[in-house]
1. Sequence gap at least 6, Cα distance under 8 Å: using those rules, report the relative contact order of the chain to the nearest whole percent.
2. Suppose R0 equals 41 Å. What FRET efficiency, 1/(1 + (r/R0)^6) with r the Cβ-Cβ distance, do LEU19 and LEU371 give to the nearest 0.05?
3. Can you work out the Karplus-derived ³J(HN,Hα) for every residue in segment 68-82? Use 6.51 cos²θ - 1.76 cosθ + 1.60 with θ = phi - 60°, whole Hz, and x for glycine or proline.
4. Using modelled backbone amide H atoms (1.01 Å from N, in-plane), which distant-in-sequence or interchain residues come within less than 5 Å of ILE243's amide H?
5. Please find the FRET efficiency linking TYR393 to ARG204, where r is the Cβ-Cβ separation and R0 is fixed at 30 Å, and quote it to the nearest 0.05.
6. So for VAL95, VAL322, fewest C-beta neighbours within 10 Å to most, what's the order?
7. Enumerate the amide H contacts of GLY193 below 5 Å, restricted to partners 5 or more residues apart or on another chain; note that Pro and chain-start residues carry no placed amide H.
8. Mind checking the log10 I(q)/I(0) for the chain at q = 0.10 Å⁻¹? Debye, one equal scatterer per Cα, no solvent, two decimals.
Amino acid sequence: MEVDLPLNFYLEPGIIALLLALTVGAGILAGLHPAFFITSKNIPTLVKANLLAGTGHKINLRKMLITAQFTITSFLLCLTVFFFIQVRDIKNKDVGFNRHRLLYAELNNTGDPVNFEDLRARLLRNPEIVNAAMSDYLPFVSFGGGMTNWEGAAPDEQVMYRPNNVSFDYVDNMEIEVVKGRDFSREYPSDAGKACIINETAQRVFGWDDPIGKRINNGQWKVVGVVKDYHLMDVHNIIEPAILVLSLNNIEGEKVLSFRYKPGTSEKARAIISDELNRQFPDTPFEVTLHENAFRSETAFRAYMSFYRALVFFFLFTLLLVIVGLWALVTFTTRKRTKEIGIRKINGCSVSGIFYLLNKEYLLIVVWAILIALPPVLMVYSRFPGAYKLPFYPWIVFIAVVIISVITLLVTGFVTFQAATRNPVETLRDE
């Protein structure tokens, strides 16, 4: 999450004292159970090493603890699967424009205005550069905001919108789909400063059935086209009304230049663009960057990735604890039922029957753990923000059940299979 945690925080005496107290306290609590268990036995029991006698009620406590561990693991696993599909959806999401094969450079020209059309023409002489455009803002890079009215609105009615002054070829360069009307064209030079293109959300908010020719912002701009909705800021926030206005052709002040390059030529195209901009703006700092980097750096994507990585780590950690605890419980339970297993085999019980008998209770623990973990999972899901959050699919729970069940059978199966295939004569002589 790009939050700095200074190292000296961990060297403070109070923190060290707290960690030591937690360590000592955990050790004492962990030792209480075996200490009281041993001291509660009489001397003959201890001498005979018959420590497993009369401890049936303790097994229930152990099963409850294992169930609690399984619940935590199931909780983390369900969220991990959800965040996995959410991150995958964000990576592959249709953002309304082609964010691939796109380079951009932010610059602030404080010197003499530079004609963008001339700069664009020089760049397009290189086969690596397919298209170029200029704008005030670029999706996932920068954005502005304002209030506007529209034709047909109440006298004092206004809405929040996202403005962007753009050059010719901006819509084409971003590969945004025009769904109504037309794009800005050099055949209509009078469009500069007077014509605009809106997105589908703006048309819907303005309540227009036929937006072409309608006026916006006190009649300042005339709508000549409507483009498909596209994400301006990030995939976390809802798409807002957007208005593209054809601006003058000069590069002055803060501008964003975007460049579409030929597949497989990103490095060469970046070098060509950097050289040309260095010649044109020798005193202006800039950096030619892949737009994909801006997309992966946006807030929602970073947040989902951070949560996903953290969940994977803690899931694997708790899974390790579950395996250790489950192995101990299975070994303990199987040892206690050694004679029972031998008697059942002598009476004709098959190996598969004994295997099922020893494992069914652990699978039941998995089912209970999933049922207990499901409400907290749904609560976390419902509270996690996101305008375009994926639904919590039922198959996420099914996957969790399958994974936990397979792990349980792998852990328990080894011990129980050994017990089920053991010679019954040896089991009856046990102890």
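1. Working: 586 pairs, mean separation 104.2, N = 431.
The value is 24 percent.
2. On the way: r = 36 Å, r/R0 = 0.87.
The formula returns an efficiency of 0.70 here.
3. After applying 6.51 cos²θ - 1.76 cosθ + 1.60, I find 4, 5, 4, 4, 4, 5, 5, 4, 5, 5, 4, 5, 4, 5, 4 Hz.
4. For ILE243, whose amide H was placed from the backbone, the distant partners under 5 Å are ARG162, ASN164.
5. Values: r = 29 Å, r/R0 = 0.95.
Taking R0 as 30 Å, the efficiency between TYR393 and ARG204 is 0.55.
6. Values: VAL95 17, VAL322 23.
Listing VAL95, VAL322 from fewest to most nearby Cβ atoms yields VAL95, VAL322.
7. HN-HN under 5 Å from GLY193: LEU246, SER247.
8. Values, matching the q order: -0.85.
Bear in mind that the values in this text are calculations on the coordinates, not laboratory data. Computed from a predicted model, the values in this text were never measured in an experiment. Neighbour counts are summed over all protein chains in view; Cβ atoms, including those assigned to glycine, are modelled from backbone coordinates with ideal geometry.
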